[in-house]
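The values are calculated or read from the model by the stated rules, or taken from the named source; none is laboratory data. None of the values given here were measured: they were computed from a predicted structure. Positions of Cβ are backbone-derived with ideal geometry, glycine not excepted, and every protein chain shown enters the neighbour counts.
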Amino acid sequence: MSSESNKSNENLSVNGTNPASSQPKASNDEKHVMISYNWESQKLAKKICKNLEKHGYKVWIDIKYMQKNIYDQMDEAVRNAYVVLIFVSKKYQESENCRREASMAADLKIPIVPIYTEKNFKPEKFLNCVTAGQLYHDFTSGKSFDSIFKELCSKSIDSVNMPKVLITTKSTPSHRTPTPIGTNYCSKHRKQICLLVFLLLLAIVGAAVGGYFGFIGTAADANPNLTTNSNSTPAANSDLPRSCRDHYTSGSDTSGVYTIYPISDPIQVYCDQVRDGGGWTVIQRRFDGSLNFNRPWLDYRSGFGSASGEHWLGLDLISTMTSGGVQELRVDFVKRIFSERGDAKYSSFVVGDLSTEFSITSIGTFSGSTGTPNFMQNALNTKFSTSDLENDMESSRNCAESEEGGWWYRDCVFLSDRANLNGRYDLHFEIGSSNLVSSEMKIRPRTG
Ligand SMILES: [Ca+2]
């Protein structure tokens, strides 16, 4: 959605029909395919909308429904979507409203289907974050519209539409109307998909009983794409260095910025090749307060800053790197008072993936310099929180908001056994009762 798009009340009118006039408005009990696009992609958005409706899908597109407040409409539209088609383009990436829409869909775990509309454009930052790893459909590839549209329906939309119907106990999906046999290729494999999704839901409910998931699976749970860590693509070449430890064992014993391949794409990180035997991949680094750490969920997921300066590597990568073999965690810090140095070390550090909201699931055993509290103990088994995604257990306050930084908050009370390494510099950046001037969180594969 563009900021301009709500200015238009233009209805769809294609081939002499006017679907808008017969289309029911989005309501709480009906799910739809949502089209999320920026203004310059409107022609393609309308064409896809028209074709989806022709094949019986209920579709939400802003030019039909934008009558109330833009944010209320956006909120309602995303919440009532069972899948969101995102029209990937540079303008989409630059639009604040599009960012809100995509972020909300991602946070609500609604399946996202990237539609490529701009040749040679590679999404970055939040757009990469919400679309990476998802099956995409490239309408700039030169293949016919019909063949790409067919794949969009059969491989992406139909594969996620049934769980919502099952959960809402409707025997007939309200967002679909029958279309002549032979023309609705989108529904061709629906029975099989329904059965498959039902089995998946059973598995998820089973897992929920085990206490891992919530009460019942959602469409998002049933879609492995959604819970796929966007950075979980395996490294393309096992000979490439996966971490700073690989660089160290190859003879690079100077600390600095290195390129590693924990996934197939190259990642720039700072390597500590000196302390405690070297080979440490730095996942968080602060030393002068120049980088704002009071950031939203998607920034904490995808990372911010740079490897040569203050830096947060990103939860997706941290999760990926800590899930493949046991990692040690080391934290080096300098206190504001007397510039006293300290360190803490944990024999294991595992951060779960997106489906766990990046919970810390293991910290192993603690050791550290004299007087250093076992501060990660309090963070164990807690989800990550940001000001816009509150996962803390304190009912009266949003800890990430009051502490001005994302962290694994249990509560907002900072006692001597807590730390907040991402809190506001000069105020909430602390371990125990000590304010800090610098910190480095770093991981290394454990040997032995
Ligand atoms: Ca709270």
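If you go through the stretch 130-156 and pick out every residue that is under 24 Å from the mean Cα position of the chain (by Cα), surrounded by fewer than 19 Cβ atoms within 10 Å (Cβ to Cβ) and either assigned to a helix (DSSP H, G or I) or of a type in the set (A, V, I, L, M) (or both), you end up with 2.
Just checking, which of Ser355, Ser306, Ser348, Ser319 is over 26 Å from Thr131 (Cα atoms) and among the hydroxyl-bearing types (Ser, Thr, Tyr)? Only one candidate qualifies: Ser348.
Residues of the stretch 419-448 that are within 16 Å of the ligand (Cβ to nearest atom) and in contact (Cβ under 8 Å) with a residue 60 or more places away in the chain: Gly423 alone. Once the stretch 364-418 is narrowed to residues that are of a type in the set (Asp, Glu) and touching a residue at least 24 places away in the same chain (Cβ under 8 Å), the residue that is nearest to the ligand (Cβ to nearest atom) is Glu403. Residue count for the stretch 316-327 satisfying the condition of being touching an Asp or Glu at 6+ places or on another chain (Cβ under 9 Å) and not small (Gly, Ala, Ser): 2.
Among the numbered conditions (1) under 16 Å from the mean Cα position of the chain (by Cα); (2) assigned to a loop (DSSP other than H, G, I, E, B), the only one that Gly325 does not meet is (1).
Of all positions in the stretch 278-289, at least one carries a residue that is more than 18 Å from the chain's Cα centre (by Cα), among the polar types (S, T, N, Q) and modelled with pLDDT of 95 or more.
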